[in-house]
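Below is one structure, written out as structure tokens, with a few remarks after it.
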Amino acid sequence: MNKLLGWMITSILLVGVVFCQSSSGPTGATPAVTVIRAGTLIDGKSDQPRRDQVIVVRGNRIESVSDAATAKMPAGATVIDLSKATVLPGLIDSHTHIFLQGENPAQGGYDANILTAPLALRSARATVSARRALEQGFTTLRDVETEGAGYGDVGIKQAIEAGYIPGPRLFVATRAISTTGGYPLEGYAPELEMPKGAQIVDGPVEARKAAREQLDHGADWIKVYMTHRSWVGKHGELVSQPTLTVEELRAIVDETHGWGKKVACHAYGGIGLHRALDGECDSIEHGLDLDDAAISQILKQGTWYVPTLSVYYTDWAPADTEAGQRDRLRAAVHEPSFKKALNAGVKIVFGTDMGGIPWTEPIAQEFSRMVEFGMSPMDAIQSATSRAAVMLDMEGKIGVVAPGAFADIIAVDADPLRDIKVLESVGFVMKDGKVFRSKGAPAD
Ligand SMILES: [Zn+2]
């Protein structure tokens, strides 16, 4: 629970009904004007914070950002006083799964999601996940596949955009693509035709067709699994089973780029990672084991790196099991990979794998891990704001508090540059010009 914040908010619309109201009012009416007084502003792009700023929001856009001393206050504006707080752009998590719920083994794990949960139940739970993200100040998610829930993410996105449910801006990847032997459900009798958590393809023709289908049905990104199982190799190294060939991946990338969209590739290391780079994936997801050749290819091609650290540092299997050894090795290679990428200047973007992590946990925990491994707090914040916006082709529109951007604005009651953990206690959330949360209390 977040502690209550003592911010004085005047004339604010009632939280809880706000998300379904139009900030621009009835057609033809003058858009509502809101003034936010920011004690400290971290704008998402600048390397230095600014003190005592005034942000003018008109409708769903930021109109101006200026020093309080010289700012002109528009008449009749609603004033939100965050003069004791640190104000930031709405955060962006570029690797989530709103259709997953933590895969609790006691509740049947991953398989139960697909085998026993009706789609309506999964959609209801995804609705809650989306709301949790918004409550925590994440105003945009790139949700990288539904894990067997088909095109459910497109539906949730439509429900948010139409104002039926509260939630972040969603960039969705729909079903994801892997190969035969490259995705659960697994381990059942071979006579049974089991459903799979991703769309299975073999050969470039099927690969291209799957991309076309997914793009046709609303995918904003295409997600591809370039590695699947992983284990400890003969020499103590992390081995990852490769899935698609370069030829198969190229068909997907070529098709997707033709639609003006991008491809996110799950890849741990080894052959699959190198195929992902040779096939020109736009982003590498996880990238646990980056060798020097991979780092230089990533730099050369301008590939994005979404390391998703936290999920690999918790919930290890017991140390005396094969899975437990594998889990420990994954974490052991991930940290140096992240540090190498950071030092080399790779474009690192904040992503968590929420859904793999239960949605009841704080999304912002990933910031602490990034900072622990050597990233500066400002760099970590930019990885979840302006840098993520560039990856999403939304530069200047989200991930920044600046004129012309959508009014996605959050606040915390302490300095995240001093203690990044305060981002786990976001107390004020505005999305698209509408206050969703204030005074620490989420809408009910
Ligand atoms: Zn994931």
Has region 76-92 got any residue that is open to solvent by 50 Å² or more (accessible area, probe 1.4 Å), over 23 Å from Met354 (Cβ atoms) and out of contact with any Asp or Glu (no Cβ under 8 Å at 6 or more places or on another chain)?
-> yes
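One line per residue, one yes/no per condition, for (1) under 30 Å from Gln214 (Cα atoms); (2) open to solvent by 10 Å² or more (accessible area, probe 1.4 Å); (3) of a type in the set (D, E, K, R); (4) out of contact with any strand residue (DSSP E or B) (no Cβ under 9 Å at 6 or more places or on another chain):
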| position | (1), (2), (3), (4) |
| --- | --- |
| Val246 | yes, yes, no, yes |
| Leu249 | yes, no, no, no |
| Val263 | yes, no, no, no |
| Gly270 | yes, yes, no, no |
| Leu290 | yes, no, no, no |
| Ala294 | yes, no, no, no |
| Trp316 | no, yes, no, yes |
| Arg326 | no, yes, yes, no |
Could you tell me which of the residues Lys234, Lys196 is open to solvent by 30 Å² or more (accessible area, probe 1.4 Å), touching a Leu at 6+ places or on another chain (Cβ under 7 Å) and not in a strand (DSSP E or B)?
-> Lys196
Total residues in region 328-357, condition open to solvent by 60 Å² or more (accessible area, probe 1.4 Å) and of a type in the set (S, T, N, Q) = 1
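Taking the stated definitions as given, is Gly356 within 14 Å of the ligand (Cβ to nearest atom) and farther than 19 Å from Leu91 by Cα? Please lay out each step first, then the result.
Working: within 14 Å of the ligand (Cβ to nearest atom): yes; farther than 19 Å from Leu91 by Cα: yes.
When the stated conditions are applied, Gly356 passes them.
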Selected residue [of a type outside the set (Phe, Trp, Tyr) and within 16 Å of the ligand (Cβ to nearest atom)] from Ile363, Ile348, Ile398 = Ile363
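Restricting to region 113-148, count the residues that are under 29 Å from Asp408 (Cα atoms), among the β-branched types (Val, Ile, Thr) and within 16 Å of the ligand (Cβ to nearest atom).
To start, the set of residues in region 113-148 that are under 29 Å from Asp408 (Cα atoms) comprises 122-147.
Next cut, among the β-branched types (Val, Ile, Thr) only: 127-128, 139-140, 144, 146.
Retained after the next criterion (residues that are within 16 Å of the ligand (Cβ to nearest atom)): 144, 146.
Looking only at that region, the number is 2.
Would a scan of region 44-54 turn up a residue that is modelled with pLDDT of 95 or more, open to solvent by less than 30 Å² (accessible area, probe 1.4 Å) and either closer than 15 Å to Phe406 by Cα or in contact with a Pro (Cβ under 6 Å, 6 or more places away or on another chain) (or both)? Please lay out each step first, then the result.
Filtering region 44-54 down to residues modelled with pLDDT of 95 or more leaves 44-54.
Those left that are additionally open to solvent by less than 30 Å² (accessible area, probe 1.4 Å): 44, 53-54.
Among the residues that remain, those that are also either closer than 15 Å to Phe406 by Cα or in contact with a Pro (Cβ under 6 Å, 6 or more places away or on another chain) (or both) are: 44.
There is at least one residue in region 44-54 that is modelled with pLDDT of 95 or more, open to solvent by less than 30 Å² (accessible area, probe 1.4 Å) and either closer than 15 Å to Phe406 by Cα or in contact with a Pro (Cβ under 6 Å, 6 or more places away or on another chain) (or both).
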Pair list, Cβ < 8 Å and 6+ apart or interchain, from region 88-109 residues that are free of Cβ contacts under 8 Å to residues at least 40 places away in the same chain to residues that are of a type outside the set (Gly, Ala, Ser) | Gly108/Leu115; Gly108/Thr116; Gly109/Glu103
Residue list for region 87-111, filter: in contact with a Phe, Trp or Tyr (Cβ under 9 Å, 6 or more places away or on another chain) and within 16 Å of the ligand (Cβ to nearest atom) = Ile92, Asp93, Ser94, His95, Thr96, Ile98, Leu100, Gln101, Gly102, Glu103
Can you name every residue in region 274-286 that is over 20 Å from Thr180 (Cβ atoms) and not polar (S, T, N, Q)?
-> His274, Leu277, Asp278, Glu280, Cys281, Asp282, Ile284, Glu285, His286
Taking only pairs six or more apart or across chains, which ones have beta-carbon atoms under 6 Å, a first residue in region 210-225 that is within 17 Å of Arg142 (Cβ to Cβ) and outside any helix (DSSP H, G or I), and a second residue that is of a type in the set (Lys, Arg) and open to solvent by 10 Å² or more (accessible area, probe 1.4 Å)?
-> Trp221/Lys262
Within region 170-185, the residues that are open to solvent by 60 Å² or more (accessible area, probe 1.4 Å) and closer than 17 Å to Glu145 by Cβ are Arg175
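Within the bounds of region 155-169, is there any residue that is within 16 Å of the ligand (Cβ to nearest atom) and surrounded by fewer than 24 Cβ atoms within 10 Å (Cβ to Cβ)?
No, every residue in region 155-169 fails to be within 16 Å of the ligand (Cβ to nearest atom) and surrounded by fewer than 24 Cβ atoms within 10 Å (Cβ to Cβ).
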Hits in region 359-393 - residues which are surrounded by fewer than 24 Cβ atoms within 10 Å (Cβ to Cβ), among the hydrophobic types (A, V, I, L, M, F, W, C) and over 14 Å from the mean Cα position of the chain (by Cα) = Val371, Phe373, Met375, Met378
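If you go through region 282-332 one residue at a time, how many are small (Gly, Ala, Ser) and within 16 Å of the ligand (Cβ to nearest atom)? Break it down stepwise before answering.
Quick first cut of region 282-332, residues small (Gly, Ala, Ser) only: 283, 287, 293-294, 296, 302, 310, 317, 319, 323-324, 331-332.
Subset that is within 16 Å of the ligand (Cβ to nearest atom): 283, 287, 310.
Of the residues in region 282-332, 3 are small (Gly, Ala, Ser) and within 16 Å of the ligand (Cβ to nearest atom).
The values are calculated or read from the model by the stated rules, or taken from the named source; none is laboratory data. As the structure is a prediction and not an experimental result, all values here were calculated from the model. Here the Cβ is made from the backbone with ideal geometry for all residues, glycine too, and neighbour counts use every protein chain on show. The protein model used for the area step is the full one, side chains on, heavy atoms only, and it has no ligands, DNA or RNA in it. Shrake-Rupley method; radii C 1.70, N 1.55, O 1.52, S 1.80 Å.
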